[in-house]
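Asks: Below is a structure I'd like to ask you about.
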There are 2 protein chains.
Amino acid sequence: MGSDVSISKKISESAIRRLSLYLRNLENLEKGGRETVSSEEMSGQSGTTAAQVRKDLSLFGSFGKRGLGYPVSELAERIRGILGLDRRWRLALIGVGRIGSALVEYGGFGRRGYDIVAIFDSDESKVGGTRGGLTVRHVDDFEVVAEEENVQIVILSIPLEAVPSVMDRVRGAGVRGILSFAPTKLKVPDGVVVKDVNMVMELEALSFALSQREGEA
Amino acid sequence: MGSDVSISKKISESAIRRLSLYLRNLENLEKGGRETVSSEEMSGQSGTTAAQVRKDLSLFGSFGKRGLGYPVSELAERIRGILGLDRRWRLALIGVGRIGSALVEYGGFGRRGYDIVAIFDSDESKVGGTRGGLTVRHVDDFEVVAEEENVQIVILSIPLEAVPSVMDRVRGAGVRGILSFAPTKLKVPDGVVVKDVNMVMELEALSFALSQREGEA
DNA sequence: AGGTGTGAACACTTTCACAGCA
DNA sequence: TGCTGTGAAAGTGTTCACACCT
């Protein structure tokens, strides 16, 4: 039955991350005018194996042609569909510190379907200022504005001590997705999805690996 | 010779990430003056299970006391040792754009043992300027300076198109660890460890999860 | 009693290897 | 022939359950 749409299997986190990587590589190939690509070549660009690429793609359907490979543009389009990038998302950013400001001013999110529609801070001296063309609002107004602006995803770039109070507001607003830069495991109700970006954790994984290596040979 | 040092078992990436999280939670407990903590409580703060916590810790030794739990300060100290945080690391940052500047100016790395000792860019108009008290050097000087300054880890906050030329220099300098914000899989020689921080990938994993949910119920 | 440390069972992910289609 | 799609095998990571120590 052509139930192409709703996926019943459980898709792993890592498979999704790889899809995201494949997509970026496909988009580069597309720019170069390439028509088809093999799982072998895709694996080289993604640091994985050809079998892994085929398995990942086969979770969502049969996109390739045997003997030929995958059609570049079509596959890219399919992956965009899978990742929910065939639509636009409305984001709010809370915490206009160094990282928060850098993110708003970066402006590259829009190109990938993510529109930052409102930004917030609790610091009165920042409220009313602008970043990347948006006016900083007070975080006390978050629930109202989030509703008005139909915010679906929140980017949290706030320090540890701000987490409890800010999270009360975020939960109150019924936001379903959070991209968190806060250095802690957020507590959220069922149904809310959190992804963490944690530089310190990555650095620590790095120093662990380097320390290990020193011990050897 | 307590064979405490070199670990023979294979330690998973995820176990290390959890250790990093445990450490942060332990340091918070320490501030609150807590003496001991159970795997049960640690699991609550880390979003995992008590068994997982015990397994993770047991990979490196027996730090707890049956019937009592783990001594907070001592365990924190042990984890710091495991993660290679009982020493200082010398970092260089390449790419003083928005993200790069935010990272240097953040200044919080020093507190955790990571000293940024030099910063680089290829943009002549930025070279000679300062960020967080450091003078921006030209990336052409990277190899020389990295040697002089004994750089062990590089933070790469550069755009895609700069990757090939910058990576030539980084490889040439014999750096062993890279924390990359570049939106691609870096190609490095054996023995060089790379950790990626990729916000777009996390956002895409988020929109995938949210899209899935919409299909349901 | 209370809570760790850990082998054994289970669950999930990746790799292999090959049938089958263009 | 060339390369996909996929069951089956191998490998990894997580959970269970309980012996054992304080």
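Asks: Determine whether A:V197 is over 28 Å from B:G177 (Cβ atoms) and aliphatic (A, V, I, L, M). Before the answer, list the steps.
Replies: Values: over 28 Å from B:G177 (Cβ atoms): no; aliphatic (A, V, I, L, M): yes.
Taking the combined requirement at face value, the residue does not satisfy it.
Asks: Specify the residue that is farthest from A:G110 (Cα to Cα); the eligible residues are those in the stretch B:167-191 that are at the interface with another protein chain (Cβ under 7 Å from one of its Cβ atoms) and assigned to a strand (DSSP E or B).
Replies: Only one residue fits best here, namely B:G177.
Asks: Additional query: For the stretch A:189-199, how many residues meet the condition of being at pLDDT 95 or above and not basic (K, R)?
Replies: Count: 5.
Asks: Which of the residues spanning the stretch A:181-201 are under 17 Å from A:A102 (Cβ atoms) and in contact with a strand residue (DSSP E or B) (Cβ under 8 Å, 6 or more places away or on another chain)?
Replies: Scanning the stretch A:181-201 gives A:F181, A:A182, A:V197, A:M199.
Asks: Taking the stretch A:77-118 on its own, how many of its residues are farther than 25 Å from B:G132 by Cα and of a type in the set (V, I, T)? Full working, then the answer.
Replies: In the first step, residues of the stretch A:77-118 are kept if they are farther than 25 Å from B:G132 by Cα; the result is A:77-92, A:109-118.
With of a type in the set (V, I, T) added as a condition, the list becomes A:79, A:82, A:116-117.
Final tally of qualifying residues: 4.
Asks: Please go through the stretch B:192-207 and give me each residue that is at the interface with chain A (Cβ under 7 Å from one of its Cβ atoms) and not in a loop (DSSP other than H, G, I, E, B), ordered by number. Break it down into steps so the answer makes sense when it comes.
Replies: From the stretch B:192-207, those at the interface with chain A (Cβ under 7 Å from one of its Cβ atoms) are B:193, B:195, B:197, B:199-207; that's our starting set.
Within the stretch B:192-207, B:V193, B:K195, B:M199, B:V200, B:M201, B:E202, B:L203, B:E204, B:A205, B:L206, B:S207 qualify.
Asks: A further question on this structure: Against the definition (farther than 15 Å from B:L93 by Cβ, surrounded by 17 or more Cβ atoms within 10 Å (Cβ to Cβ) and in the same structural domain as B:V96 (by TED's automatic domain parsing)), how does B:D196 come out, yes or no?
Replies: Details: farther than 15 Å from B:L93 by Cβ: yes; surrounded by 17 or more Cβ atoms within 10 Å (Cβ to Cβ): yes; in the same structural domain as B:V96 (by TED's automatic domain parsing): yes.
So B:D196 fits the description; yes.
Asks: Right, next: Tally the residues that are within 14 Å of chain B (Cβ to nearest Cβ), part of a strand (DSSP E or B) and surrounded by fewer than 22 Cβ atoms within 10 Å (Cβ to Cβ), restricting the search to the stretch A:92-147.
Replies: Step one: list which residues in the stretch A:92-147 are within 14 Å of chain B (Cβ to nearest Cβ), which gives A:92-93, A:95-116, A:131-132.
From what is left, the residues that are part of a strand (DSSP E or B) are A:92-93, A:114-116, A:131.
Next, only the ones that are surrounded by fewer than 22 Cβ atoms within 10 Å (Cβ to Cβ) stay: A:115, A:131.
Number satisfying all stated conditions: 2.
Asks: Residue by residue through the stretch A:48-87, note down the ones that are surrounded by fewer than 15 Cβ atoms within 10 Å (Cβ to Cβ) and within 12 Å of DNA strand C (Cβ to nearest atom).
Replies: A:T49, A:A50, A:A51, A:K55, A:S58, A:S62, A:K65, A:R66, A:G67, A:L68
Asks: Moving to a separate point now. Can you list the helices (runs of 4 or more DSSP H) lying wholly within the stretch A:29-83 that have 1 or more residues being within 6 Å of DNA strand D (Cβ to nearest atom)? Before the answer, list the steps.
Replies: Values: elements: A:39-46, A:50-58, A:72-82.
In the stretch A:29-83, A:39-46, A:50-58 are the helices (runs of 4 or more DSSP H) which contain 1 or more residues that are within 6 Å of DNA strand D (Cβ to nearest atom).
Asks: Among the candidates A:V151, A:V163, single out the residue that is buried (at least 18 other Cβ atoms within 10 Å of the Cβ) and in contact with a strand residue (DSSP E or B) (Cβ under 6 Å, 6 or more places away or on another chain).
Replies: Details: A:V163 fails: in contact with a strand residue (DSSP E or B) (Cβ under 6 Å, 6 or more places away or on another chain).
The match here is A:V151.
Asks: For a quick check of your reading of the model, give me the residue pairs whose first member lies in the stretch A:67-92 and is at pLDDT 95 or above, whose second is within 16 Å of DNA strand C (Cβ to nearest atom) and assigned to a helix (DSSP H, G or I), with beta-carbon atoms closer than 7 Å and at least 6 apart or on different chains.
Replies: A:I79/A:L19; A:I79/A:Y22; A:I82/A:L19; A:I82/B:F208; A:L83/A:L19; A:L83/A:S20; A:L83/B:F208; A:G84/B:F208
The values are calculated or read from the model by the stated rules, or taken from the named source; none is laboratory data. As the structure is a prediction and not an experimental result, all values here were calculated from the model. Because the Cβ atoms are built from the backbone with ideal geometry, glycine has one as well, and the counts that use them run over all protein chains shown.
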